[in-house]
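The block underneath contains the structure these notes are about, expressed in structure tokens.
The values are calculated or read from the model by the stated rules, or taken from the named source; none is laboratory data. Note that the structure is predicted; figures quoted are calculated from it, not measured. For neighbour counting, all protein chains shown are included, and Cβ atoms are generated from backbone atoms with ideal geometry for every residue, glycine included.
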């Protein structure tokens with residue numbers, strides 16, 4: 001949970017909205033008076049009775065005329081996205097850009113809204129444990145919209161550089177504007193309790209007396225317990241120390257920097273670097289950008305510069321560069337992306353192969369995702385690629401021994417990309433591993449049938465879980481002859497800057513957020529014998 005700057009966000013230095021007086025603003029009529037006004041001059045109502053007979057009236061720091069009664073646009077964006085995620089099963093990264101455009105946020109407020117949205121989603125487990133100590137009823141009895149607003153308020157108070165009074169005032173104003181005056185009183189009371197401790201103090205409070213290290217880590221780092229256990233086991237399975245779990249969970253909660261790639265032969269990153277991007281440290285033609293709306297960068301709208309995690313870039317480049325066996329044929333290679341949507345790795349592979357005359361076929365079963373693949377490939381010559389709407393599991397039967405390089409970017413739980421998809425940690429269940437396992441094996445089996453003798457299959461997931469990685473590859477190869485595993489760690493090193501990723505374990509390779517600054521991408525490379 002990062003300490004992002006509160007920025008402008010509709011508040012002045014006092015936390016009040018621009019144009020509204022703070023605690024020291026102008027007095028209302030009848031509020032106080034000169035020293036010569038005594039008890040005989042007290043105001044009376046129409047019946048002649050004295051008002052405020054209980055002594056000198058005490059006014060709150062924010063009198064009614066001065067309290068925020070509108071929703072700050074940046075916080076409103078965060079609220080809308082959290083509502084869409086909770087009520088509609090939407091993905092935050094898809095909803096957020098449209099909401100930012102709808103409310104016409106400038107660069108600074110867009111950054112604030114982004115951090116507030118993702119931070120509230122990432123921290124939900126910890127924040128809900130805090131709120132449970134501050135609300136007088138079970139959280140599942142709260143209006144879901146009120147609970148989302150409370151999470152937004154808690155993230156500002158505990159994990160952002162927003163003054164507590166400004167976070168409280170603006171969150172209450174948001175609730176008053178979009179939910180109602182009644183709930184705003186509840187939110188005000190609850191958030192005042194939250195301000196009693198900082199984040200470290202609250203973690204001590206909510207974990208006090210716990211002896212289960214997994215439960216403590218889950219609350220400290222805001223992950224479901226089953227994911228904490230799964231990631232700890234994955235570290236060991238891929239040759240790392242289980243003691244790295246806290247660093248890995250903390251990396252999941254760090255606000256990720258945008259990774260860029262320039263499609264080879266179509267663009268460079270020179271203009272992006274001039275706009276404040278930094279050269280990538282791991283992959284050729286990559287960069288990091290944290291300057292706001294990435295769509296404003298040159299080449300992004302045209303699709304020649306793309307947002308793509310460096311881990312995804314590296315596994316695509318490794319497949320494109322690895323040595324094939326004796327193909328037994330001449331002429332350009334034929335490549336296949338078996339699970340292509342939405343098309344990021346597809347476009348990079350096609351761009352890498354275009355100078356060599358490669359023709360790439362992209363298969364995607366869902367029509368609207370197939371259209372996204374076409375859009376991703378749009379900058380490339382149309383005669384260099386084909387998009388087919390169909391099930392990748394059928395390709396091996398329909399086109400056996402046909403493709404020289406095959407990418408299987410298998411559907412998975414996405415446990416390696418939780419920092420970029422923060423809502424996924426709360427949606428995924430252990431049962432997902434069981435339901436996805438047959439599909440992963442069937443897709444890899446199809447790829448092994450579709451690859452030509454001498455060709456190479458890359459099996460890729462954005463999950464480090466053993467059940468989705470080595471277990472899948474081992475099961476598929478156990479039933480077949482004529483295949484050999486290639487050293488995937490060495491293949492990644494060969495296409496990386498510096499060539500020393502330390503990602504290999506056995507014949508497979510695993511990247512990590514806390515080690516490499518990438519998603520936790522897994523790669524296995526399999527060559528078919530002649």
**Matching residues, the range 132-152, being in a helix (DSSP H, G or I) and within 21 Å of residue 181 (Cβ to Cβ)** = 134, 141, 144, 145, 146, 147, 148, 149, 150, 151, 152
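Being at pLDDT 95 or above and at negative phi narrows it down to one of 297, 338, so name that one. Spell out the reasoning first.
Details: 297 fails: at pLDDT 95 or above.
None of the others qualify; the one that does is 338.
Determine whether residue 121 is assigned to a helix (DSSP H, G or I) and under 23 Å from residue 342 (Cβ atoms).
Details: assigned to a helix (DSSP H, G or I): yes; under 23 Å from residue 342 (Cβ atoms): yes.
Against the criterion (assigned to a helix (DSSP H, G or I) and under 23 Å from residue 342 (Cβ atoms)), residue 121 qualifies.
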**Request:** Give the number of residues within the range 153-173 that are in a helix (DSSP H, G or I) and closer than 20 Å to residue 114 by Cβ.
**Result:** 11
**Asked** Can you pull out the residues in the range 269-303 that are surrounded by fewer than 16 Cβ atoms within 10 Å (Cβ to Cβ), more than 22 Å from the chain's Cα centre (by Cα) and in contact (Cβ under 8 Å) with a residue 24 or more places away in the chain?
**Response** 271, 284, 302
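Among the helices (runs of 4 or more DSSP H) contained in the range 418-530, which hold 1 or more residues that are within 18 Å of residue 309 (Cβ to Cβ) and at pLDDT 95 or above?
Because the criterion is at least 1 residues that are within 18 Å of residue 309 (Cβ to Cβ) and at pLDDT 95 or above, the helices (runs of 4 or more DSSP H) in the range 418-530 that meet it are 424-427, 488-495, 513-516.
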**Message:** So, residue 202, is that one surrounded by fewer than 16 Cβ atoms within 10 Å (Cβ to Cβ) and touching a helix residue (DSSP H, G or I) at 6+ places or on another chain (Cβ under 6 Å) or not?
**Reply:** no
**Sole residue being without any contact (Cβ under 8 Å) to a residue 12 or more places away in the chain and closer than 23 Å to residue 461 by Cα, chosen from 323, 330** = 323
**Asked** Within the range 230-253, is there a residue that is in contact (Cβ under 8 Å) with a residue 12 or more places away in the chain and in contact with a strand residue (DSSP E or B) (Cβ under 6 Å, 6 or more places away or on another chain)?
**Response** yes
**Message:** Can you tell me which residue is surrounded by the fewest Cβ atoms within 10 Å (Cβ to Cβ) among those in the range 304-332 that are modelled with pLDDT of 95 or more and within 23 Å of residue 396 (Cβ to Cβ)?
**Reply:** 322
**Item:** Residue in the range 359-376 that is farther than 22 Å from residue 483 by Cβ, assigned by TED's automatic domain parsing to the domain that holds residue 409 and over 27 Å from the mean Cα position of the chain (by Cα) present
**Value:** yes
**Prompt:** Can you tell which of 495, 460, 456, 515 is more than 20 Å from residue 245 (Cβ to Cβ) and within 23 Å of the chain's Cα centre (by Cα)?
**Reply:** 460
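Take residue 259 and decide whether it is at pLDDT 95 or above, more than 30 Å from residue 379 (Cα to Cα), buried (at least 22 other Cβ atoms within 10 Å of the Cβ) and under 25 Å from the mean Cα position of the chain (by Cα). Talk me through it step by step, then tell me what you get.
Numbers: at pLDDT 95 or above: yes; more than 30 Å from residue 379 (Cα to Cα): no; buried (at least 22 other Cβ atoms within 10 Å of the Cβ): yes; under 25 Å from the mean Cα position of the chain (by Cα): yes.
Criteria not met by residue 259.
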